Ligand code: ISE
């Protein structure tokens with residue numbers, strides 16, 4: 001029997017997830033959609049096999065014919081909807097960020113713990129990217145020795161107008177904060193941020209260079225350029241005692257055409273991480289079918305990423321190195 005999913009939020013990310021559930025994920029059924037703009041939900045429903053268009057998010061979560069809830073509505077709704085799914089005893093896939101505040105993240109974890117079941121998956125899709133996966137496995141195998149440094153580059157073509165310097169940290173760099181924890185298996189201990197000059201394409205925000213220090217002593221450098229113009233580009237190199245390992249852009253062809261020889265640069269994260277998004281949803285569906293927690297980012301992971309992002313915002317404002325106090329994961333999450 002298929003796992004029946006209801007998607008809340010039919011914007012760019014919600015539509016992509018809905019489309020994958022409809023066409024690209026085995027064992028899933030796109031059973032319902034909801035958007036505060038009912039017409040937008042109808043258009044999506046018509047395009048994807050006519051799942052029910054349910055009038056409210058609450059009704060969708062409570063619906064007896066929905067097995068799991070995918071939350072891709074605006075960031076400020078994430079906490080309330082995730083808490084409602086937990087209260088209904090249903091698995092919730094929540095797009096990043098888990099919540100708008102750390103207090104809300106804590107409420108979500110408290111609700112999960114009180115219910116005694118891990119129900120929350122946070123949509124940090126890079127954890128399912130085959131490249132990052134292979135890098136982590138390489139480190140685990142131990143051939144390269146201990147990890148010393150991690151260099152991350154994250155460039156958007158041209159970020160949307162609403163992206164401010166704060167959001168460069170909270171919306172974009174948060175992926176690097178999560179993937180660094182995932183690769184190195186160490187929490188962050190401190191963060192520093194230095195702003196570069198604004199590009200002439202977007203004077204209202206600046207590129208940021210971030211330095212993260214991990215609890216184990218590794219150092220992570222992160223460049224976030226929201227307006228790189230030439231395309232979407234994510235790079236990562238892990239420097240270990242005996243060698244390094246890097247991401248290779250996932251392309252199967254190189255083209256010689258019109259005076260150029262090379263591989264195309266992606267437009268945005270939706271194409272660059274297409275496989276990661278699909279594999280992530282596949283794992284979520286299998287976890288629901290098997291009645292176990294998803295192997296993706298947990299509420300604890302979502303909370304840790306948000307803690308580092310919040311410390312990053314303080315570092316951006318004060319131009320000081322900000323210490324992130326150590327917090328032990330509750331046994332429920334280990
Ligand atoms: C966006 O919200 C994402 O999540 C993308 O993965 C990231 O690359 C982009 O910078 C963000 O704005």
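The number of residues in the range 324-334 that are surrounded by 14 or more Cβ atoms within 10 Å (Cβ to Cβ) and farther than 25 Å from residue 117 by Cα comes to 1. Does residue 58 satisfy being modelled with pLDDT of 95 or more, closer than 20 Å to residue 120 by Cα and in the same structural domain as residue 94 (by TED's automatic domain parsing)? Taking the combined requirement at face value, the residue satisfies it.
Where strands (runs of 3 or more DSSP E) fall entirely within the range 233-274, those with at least 1 residues that are within 16 Å of the ligand (Cβ to nearest atom) are at 233-240.
Of the set (1) surrounded by fewer than 18 Cβ atoms within 10 Å (Cβ to Cβ); (2) under 21 Å from residue 217 (Cβ atoms); (3) within 12 Å of the ligand (Cβ to nearest atom), all apply to residue 149 but (3). Annotation: of all residues in the range 220-232 being touching a helix residue (DSSP H, G or I) at 6+ places or on another chain (Cβ under 7 Å) and farther than 16 Å from residue 272 by Cβ, the one that is farthest from the ligand (Cβ to nearest atom) is 220.
Note on the range 13-37: residues that are assigned to a strand (DSSP E or B) and either modelled with pLDDT under 95 or within 11 Å of residue 49 (Cα to Cα) (or both) amount to 4. Per the conditions (1) touching a residue at least 24 places away in the same chain (Cβ under 8 Å); (2) surrounded by fewer than 16 Cβ atoms within 10 Å (Cβ to Cβ); (3) within 13 Å of the ligand (Cβ to nearest atom), the sole criterion not satisfied by residue 143 is (3).
Residue by residue, here is whether (1) crowded, with 24+ Cβ neighbours inside 10 Å; (2) within 16 Å of the ligand (Cβ to nearest atom); (3) at pLDDT 95 or above holds:
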{"site": "82", "(1), (2), (3)": "yes, no, yes"}
{"site": "87", "(1), (2), (3)": "no, no, yes"}
{"site": "95", "(1), (2), (3)": "no, yes, yes"}
{"site": "101", "(1), (2), (3)": "no, no, yes"}
{"site": "104", "(1), (2), (3)": "no, no, yes"}
{"site": "114", "(1), (2), (3)": "no, no, yes"}
{"site": "131", "(1), (2), (3)": "no, yes, yes"}
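Quick one: how many residues across the range 203-218 are more than 30 Å from residue 241 (Cβ to Cβ) and crowded, with 16+ Cβ neighbours inside 10 Å?
3
Answer with yes or no whether residue 194 is away from the ligand (no atom under 16 Å from the Cβ) and either in the same structural domain as residue 225 (by TED's automatic domain parsing) or not in a helix (DSSP H, G or I) (or both). Spelling it out, residue 194 is indeed away from the ligand (no atom under 16 Å from the Cβ) and either in the same structural domain as residue 225 (by TED's automatic domain parsing) or not in a helix (DSSP H, G or I) (or both).
Listed here are the residues, each with its yes/no results for (1) in a loop (DSSP other than H, G, I, E, B); (2) assigned by TED's automatic domain parsing to the domain that holds residue 167.
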position	(1), (2)
284	no, no
289	no, no
295	yes, no
300	no, no
309	no, yes
313	no, yes
320	yes, yes
325	yes, yes
328	yes, yes
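The strands (runs of 3 or more DSSP E) found wholly in the range 69-180 and carrying at least 2 residues that are over 17 Å from the mean Cα position of the chain (by Cα) and closer than 30 Å to residue 228 by Cβ occupy 147-155.
The values are calculated or read from the model by the stated rules, or taken from the named source; none is laboratory data. Because the structure is a prediction, the values reported are computed rather than measured. As a convention, Cβ positions derive from the backbone with ideal geometry for all residues, glycine included, and neighbour counts pool all protein chains shown.
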